[in-house]
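Here's the structure we're looking at; comments come further down.
No lab work stands behind these numbers, since they all come straight from the coordinates. All values derive from a computational prediction rather than experimental measurement. Cβ atoms come from the backbone with ideal geometry, glycine included; neighbour counts cover every protein chain shown.
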Amino acid sequence: MRPAEEALEALARAAAEETGSSAAAAREMAAELYTALLGCCGQGGAGGGELARLIAAAPQAPRWGSAPQVACPGVEGAFTHQACRTLYPGGEVSFYPEFADVFEAVEEGRVDVGVLPIENSTAGSVLDVYTLLGEHRFFIVDATSLPIEHCLLAPQGAALDGVRQVYSHPQALGQCRHYLAAHPGWESSSFSNTAAAAKYVKGEGDRAKAAIASALCAQLYDLQVLEQGIEDASGNRTRFIAVAKEPVILPQADRVSILAVLPHRKGSLFSFLARFAAAGLNLCKIESRPIPGRRFEFVFYLDFEGSVRGEKTLALLSSLEGQVERLAFLGNYPDR
């Protein structure tokens with residue numbers, strides 16, 4: 001059997017296993033995919049297309065230089081505030097109550113970039129941010145990952161056995177789920193932000209109320225650390241992204257994020273993902289969110305290793321433009 005025939009047979013077997021299709025349908029699917037892979041992974045360049053033009057025009061340095069105006073959700077002392085200082089030590093940070101307010105500030109040009117949490121190693125994706133990414137035509141221009149240590153904070157003079165109410169962001173509550181479960185007498189309440197929860201507890205002055213936040217918040221808001229390191233998993237980390245209205249592709253960019261809406265038919269997801277494997281590109285993350293008004297249909301967010309300045313990566317992305325209902329380039333940035 002010739003190599004091309006062997007490849008087609010292997011694809012057909014995989015398609016049948018993954019999608020449950022008949023042998024004939026699997027062979028048809030494999031032939032379509034094989035033809036597409038030859039087009040996107042051959043010897044030629046990336047070709048044309050709106051995506052290729054967008055990437056080619058993207059600058060390698062931000063227009064705002066080293067001192068951008070930065071939007072941050074929450075208040076001083078939030079973990080995202082620490083991410084802002086890590087990414088933009090010379091930037092001027094403005095605080096906004098909600099994630100949506102950060103996107104709005106970027107949209108209206110009040111700031112250059114917005115910094116937001118996107119996923120945690122324990123609690124998973126920050127789904128609200130993914131939803132907002134899908135609603136706004138913004139680009140991820142940078143990212144960083146920080147260690148997250150949670151503390152139980154309360155007003156001075158409080159005791160652990162006197163706590164009755166615990167406030168924090170849902171992600172922080174999720175990251176401390178086992179710790180909270182060990183205290184069944186406590187009632188957990190969601191708050192917009194960990195640091196905002198700490199500020200609220202300080203303002204209330206009620207020793208029965210506590211917040212899950214950082215040790216930095218204890219210093220900023222004169223709170224007592226009742227217990228430290230209460231997160232469920234050691235090595236707990238959160239990845240933060242910086243979003244802007246214009247794409248910027250830094251020279252050291254090595255992670256690509258895209259958004260895709262696929263045709264609602266059998267095998268479309270298999271065919272889509274198989275292209276990345278055939279091109280030798282490592283997928284790091286796949287997230288899906290429902291499409292409003294379309295029953296049980298989803299928009300997919302994908303991260304993979306690579307640089308869109310490389311021919312192989314750009315060729316693959318350009319080939320996908322005509323194969324999906326919607327393909328959006330969300331950014332190519334350093335995975336620090």
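Quick notes
- Charge sum, other residues only, whose C-beta stays under 9 Å from Phe304's C-beta, Lys/Arg counted +1 and Asp/Glu -1: 0
- The per residue volume of the convex hull around the alpha-carbon atoms of segment 208-336 is 205 Å³.
- Candidates per GluC sites (Glu not before Pro) in segment 50-102, loop by DSSP, up to 14 other Cβ within 10 Å: Glu98
- Within segment 111-180, GluC sites (Glu not before Pro) in DSSP loop having at most 16 other beta-carbon neighbours inside 10 Å: Glu149
- Of all complete DSSP H helices in the chain, those with a Cα span along the helix axis of 20 Å or greater and a mean Kyte-Doolittle hydropathy of 0.0 or more are 23-40.
- Straight-distance crosslink candidates among lysines, where the alpha carbon sits under 25 Å from Lys285 and sequence neighbours closer than 8 are dropped: Lys245, Lys266, Lys312
- Cα-only Debye scattering, segment 169-239: base-10 log of I(q)/I(0) at q = 0.13, 0.18 Å⁻¹: -0.35, -0.70
- Stretching the chain fully between Glu227 and Asp206 yields a gain of 5.8 nm (0.36 nm per residue, less the alpha carbon separation).
- Here the ratio of the Cα radius of gyration of the chain to 2.2 N^0.38 Å is 1.16.
- Fewest-first sequence of Lys202, Lys245 by Cβ atoms within 10 Å of each Cβ: Lys245, Lys202
- Of the trypsin sites (Lys or Arg not before Pro) found in segment 51-98, those that fall in a DSSP loop while having at most 14 other beta-carbon atoms within 10 Å are Arg63.
- Sequence-distant lysines (8 or more away, or on other chains) whose Cα lies within less than 18 Å of Lys209: Lys199
- Treating each Cα of segment 130-219 as one equal point scatterer and applying the Debye formula with no solvent, the log10 of I(q)/I(0) at q = 0.11, 0.23, 0.24 Å⁻¹ comes out as -0.37, -1.11, -1.19.
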